[in-house]
1. How do the pairs read when you match residues in the range 16-29 that are in contact (Cβ under 8 Å) with a residue 40 or more places away in the chain and under 16 Å from ARG60 (Cα atoms) with residues anywhere that are open to solvent by 80 Å² or more (accessible area, probe 1.4 Å) and in a helix (DSSP H, G or I), using Cβ under 7 Å and keeping only pairs 6 or more apart or on different chains?
2. Does GLY164 count as modelled with pLDDT of 95 or more and open to solvent by less than 40 Å² (accessible area, probe 1.4 Å)?
3. Given the conditions (1) out of contact with any His (no Cβ under 6 Å at 6 or more places or on another chain); (2) modelled with pLDDT of 95 or more; (3) farther than 30 Å from ALA206 by Cα, report the number of the one that GLY94 does not fulfil.
4. Please go through the range 363-379 and give me each residue that is open to solvent by 60 Å² or more (accessible area, probe 1.4 Å) and either free of Cβ contacts under 8 Å to residues at least 12 places away in the same chain or out of contact with any Ser or Thr (no Cβ under 9 Å at 6 or more places or on another chain) (or both), ordered by number.
5. Hey, among ILE49, ILE19, ILE71, which residue is at negative phi and within 21 Å of the chain's Cα centre (by Cα)?
6. When the range 265-283 is examined, which residues are found to be of a type in the set (A, V, I, L, M) and under 28 Å from ILE383 (Cα atoms)?
7. Would you check if ASN323 is out of contact with any strand residue (DSSP E or B) (no Cβ under 7 Å at 6 or more places or on another chain), assigned to a strand (DSSP E or B), open to solvent by 40 Å² or more (accessible area, probe 1.4 Å) and not aromatic (Phe, Trp, Tyr)?
8. Considering the range 314-362 alone, what residues qualify as being free of Cβ contacts under 8 Å to residues at least 24 places away in the same chain and under 18 Å from the mean Cα position of the chain (by Cα)?
Amino acid sequence: MRHVIIGAGPAGVIAAEQIRRHDPESTVTLVGEEPEPSYSRMAIPYLLIGQIEENGTYLRKNADHFDRMCIEVRHDRVTGVTALDRQVALAEGGTLDYDKLLIATGSSPVKPPIPGIESDGVHHCWTLNDARNIIRRSQSGNRVVLIGAGFIGCIILEALVESGAELTVVEMDNRMVPRMMNEAAGGLIKAWCENKGITVHTSTSAEAIEASSGTELQVTLSNGQSITSDLVVLATGVRPNIAFLNGSGIETDHGILVDEYLSASNADVFAAGDVCQGKDFSTGGYTVQAIQPTAADHGRIAAGNMTGNIQRHQGSVNMNVLNTMGLVSSSFGLWMGVNGGDSAEASDADNFKYLNLQFQDDMLVGASSLGLTDHVGVLRGLIQGKIKLGQWKQKLKADPTRLMEAYLANTQAVGFNAHVS
């Protein structure tokens, strides 16, 4: 059996290893576009502040790891797939034949239509090469403009401040991390950053970037201000890498359309990670979830199904945990609420603590928190366990911080009843 995996990120690497364990006799080929060994993008901020070297970002630390597992690694770009012929075309020439194919090509950063976006000194923070460029310009005392304060932007933010740079953040939405936090929590994160000396512009967009004297850049904002900077970092969202599948015979939408086994429209093709339009645990619908825990989950399940160890994908919980300069925020499931549902909220703005619970009937279906790290595991357990809270729903509406009590009361009751029956 010939297994080919396109994409050498977490989903692809985990899948390759799982395939080898399930099927020791097969051939496994892992194709990665970038010249470096497989690495984690989530480790790049630690590289920016010098906490790790480049090899510290690598997903597998031993240089001979894939050789020892008899996994062939090829550094090349896939230009197309012909599902009918079970064939993958490579940029450097030639093709790869497969019996089973996993597409785990991830996503790429979105480049906003800002005049001057191609200027020298404007970089995404997505690849190791991007990181090298940022390190050269984000020295102590340099002025940096970060465009975008979503999840990725806020991960980068701390590294830029740690480098000693003078940081200005520009976010189009009315709050920071708008796809993870509501207005109250997002506003608290903004206030936290401002207290740390960061300038934050929300409800503001960058309208132009111009090269000024020397290596300086001039960034014009929609609020009328103009900022001089030495570096502009873009964190304006990502999109799945599916363009190369045009004409492949593989159906796509926002990502690659899959069924509950992560199989694409062609039965010999599977998808995993940011490129996969997989099942959402909370809604039952199929969406792209560009987060690393989902990628790892996809890679493991897809590998099993490719080798005959069949497992349904029950759906991934939409989950984000973020540390912004010491302030930990998290969101789970349907954190924005559901039609006909109700909610509970607790806030201590002076101490940057916030908790929001979203209910459907007597189940917790979503939550967001700020500065309350003890609740993270409980929130996930209540949501993913679909635990019926009964009378504890009203107790949580009166005091949302009693989550641990609610969890123990209901899970212990379930365990006791199961034992008795």
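The values are calculated or read from the model by the stated rules, or taken from the named source; none is laboratory data. These figures come from a predicted structure and were not determined experimentally. Note that we place each Cβ from the backbone using ideal geometry, even for glycine, and neighbour counts take in every protein chain shown. SASA here: full protein model, heavy atoms, side chains in, ligands and nucleic acids out. Shrake-Rupley method; radii C 1.70, N 1.55, O 1.52, S 1.80 Å.
1. Between residues of the range 16-29 that are in contact (Cβ under 8 Å) with a residue 40 or more places away in the chain and under 16 Å from ARG60 (Cα atoms) and residues that are open to solvent by 80 Å² or more (accessible area, probe 1.4 Å) and in a helix (DSSP H, G or I), the close pairs are GLN18/ARG300.
2. no
3. GLY94 satisfies every listed condition except (2).
4. Within the range 363-379, ASP374 is the sole residue that qualifies.
5. ILE49
6. Restricting attention to the range 265-283, the residues satisfying the condition of being of a type in the set (A, V, I, L, M) are 267, 269, 271-272, 275.
Selection gives ALA271, ALA272, VAL275.
7. Numbers: out of contact with any strand residue (DSSP E or B) (no Cβ under 7 Å at 6 or more places or on another chain): yes; assigned to a strand (DSSP E or B): yes; open to solvent by 40 Å² or more (accessible area, probe 1.4 Å): yes; not aromatic (Phe, Trp, Tyr): yes.
Yes: the conditions hold for ASN323.
8. none
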